[in-house]
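The structure appears right after this line, and notes come after that.
No value in this document is a laboratory result; all are computed from the given coordinates. Bear in mind the structure is a predicted one, so any value in this text is a computation, not a measurement. Every residue, glycine among them, receives a Cβ derived from its backbone with ideal geometry; neighbour counts consider all protein chains shown.
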Amino acid sequence: MKQMQEEIYPVALTIAGSDSGGGAGIQADLRTFNAFGVYGCSVITAVTAQNPDGVRRVDMISADGVRAQLEAVLPRLAVRAVKIGMLGTAENVHAVAEVLKNTRIPVVLDPVLVSTSGSKLMKGDGVKVLMEELLPRADWVTPNIPEAQVLLGRTLQGEEAYAGAAREIAKRWNCICVLKTGHAEDMAEAGDFAALADGRVFVVTTPRLPDLGKAGHGTGCTFSSAIAAILAQKQGWKTTLVQAKSFVFGSLAEVAVIGKNLQAMYPPVEDYDDLVSITEYA
């Protein structure tokens, strides 16, 4: 029988949508938390009917429902980090921002605004409310290129533009911004641009894997939830970046077969930290 320990187990909270196919969203977040030895709890913002072939239906949870979940979890569980993914509506953004504004818990915001294919994932005034109410509360922000373009209101292309965008977001909202460029055709390596609030920018790279197609579904969710899990263990920013990037790389390198001719990223057995490089961008 396991003996009770006085030390509280690290806890992380994910606020995101449910992916019935298991590749992204709440399912990917909780799987990642578990892989890092972190107890995961959740606030569900949407229920999707989807599989790796596509999304068939999305049912949004009301803002009152989102708020009720948050108010049930936060006062009782010793949450050390929060990951925020798909919120979907301005009302949900406002509800989350309002509940979190009086907490000191580190927040990792994956601003799910636009998919890498260009589909809009935020309704109405959601982007405006996110920029005004939730981004100022975030400690880490992890946009992809289309999302960074929405936040900054301009097109981005090329390394200098990516580095500049990450720096601008980090300074504007006083956070660490990791601009994910894994889908950029003009990048030789699988590199992300990480900007600190003090203006320094770092390039975080791993070797580029072959195109895995649908097996790459959920990389953004996995990356941001890995950051939250590592922060829940009270690690510094550089260790957090290396381990999160390594985890995503390993999850793609060690894909699991989940159906006929179907693979999905899955927590790796091996440690790939040595394949992650962090260099300051000139």
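Note on the chain: with charges restricted to the Cβ of Lys and Arg (+1) and Asp and Glu (-1), its dipole about the Cα centre is near 520 debye. Each 10 Å bin from 0 upward holds the following percent of the Cα-Cα pairs of the chain: 7, 31, 38, 21, 3, 0.
Taking the DSSP bridge list for the range 11-280 and keeping only pairs wholly inside it, about 50 percent are antiparallel. Looking at the range 134-212, the DSSP beta bridges with both ends there are about 75 percent antiparallel. Our note on the geometry: Cα centres of the range 187-265 and the range 43-77, 24 Å apart.
Beta-bridge orientation, the range 1-81: approximately 35 percent antiparallel, per DSSP, counting only bridges with both partners inside. Classified by the C-alpha gyration tensor, the range 159-238 has an oblate form. Its axis ratio a/c, with a ≥ b ≥ c, is 1.5 or above, and a/b does not exceed b/c. Annotation: amide H-H contacts under 5 Å for residue 89 (H modelled 1.01 Å from N, sequence separation of 5 or more, or interchain): 123. Stretched out straight at 0.36 nm per residue, the stretch from residue 280 to residue 234 would grow longer than its current Cα-Cα span by 14.2 nm. Cross-link partners of residue 245 among lysines, defined as those whose alpha carbon lies under 20 angstrom from its own and excluding same-chain residues fewer than eight positions apart: 83, 180, 214, 234.
By the count of neighbouring beta-carbon atoms within 10 Å, fewest first, 129, 178, 107 end up ordered 129, 107, 178. With neighbours defined as other Cβ atoms within 10 Å of a residue's Cβ, the residues 113, 262 order from fewest to most as 262, 113. A Förster radius of 35 Å combined with the Cβ-Cβ distance from residue 128 to residue 209 puts the calculated FRET efficiency at roughly 0.45.
Which one of 257, 92, 73 has its Cα pushed farthest toward the positive end of the charge dipole of the range 11-280, where Lys and Arg give +1 and Asp and Glu give -1 at the Cβ? Of 257, 92, 73, it is 73. Its Cα centre serving as origin, the range 186-272 has a Cβ charge dipole (Lys and Arg +1, Asp and Glu -1) of approximately 200 debye. Per-residue extension of 0.36 nm, minus the Cα-Cα distance of residue 78 and residue 58, leaves a gain of 4.1 nm for this segment.
In sequence order, the range 150-166 has phi-based couplings of 5, 5, 9, x, 8, 7, 10, 7, x, 4, 4, 5, 5, 4, x, 5, 4 Hz under the Karplus curve 6.51 cos²θ - 1.76 cosθ + 1.60, θ = phi - 60°, and Gly or Pro positions carry x. Only aspartates and glutamates eight or more places from residue 171 in sequence, or on another chain, were considered; those with a Cα closer than 14 Å are 139, 198. Calculated over the range 197-262, the projected area of the Cα convex hull averaged across directions stands at 5.5 nm². Apply the a/c threshold of 1.5 to the C-alpha gyration tensor of the range 1-100 and tell me whether it is rounded, prolate or oblate. Note, shape of the range 1-100 comes out oblate.
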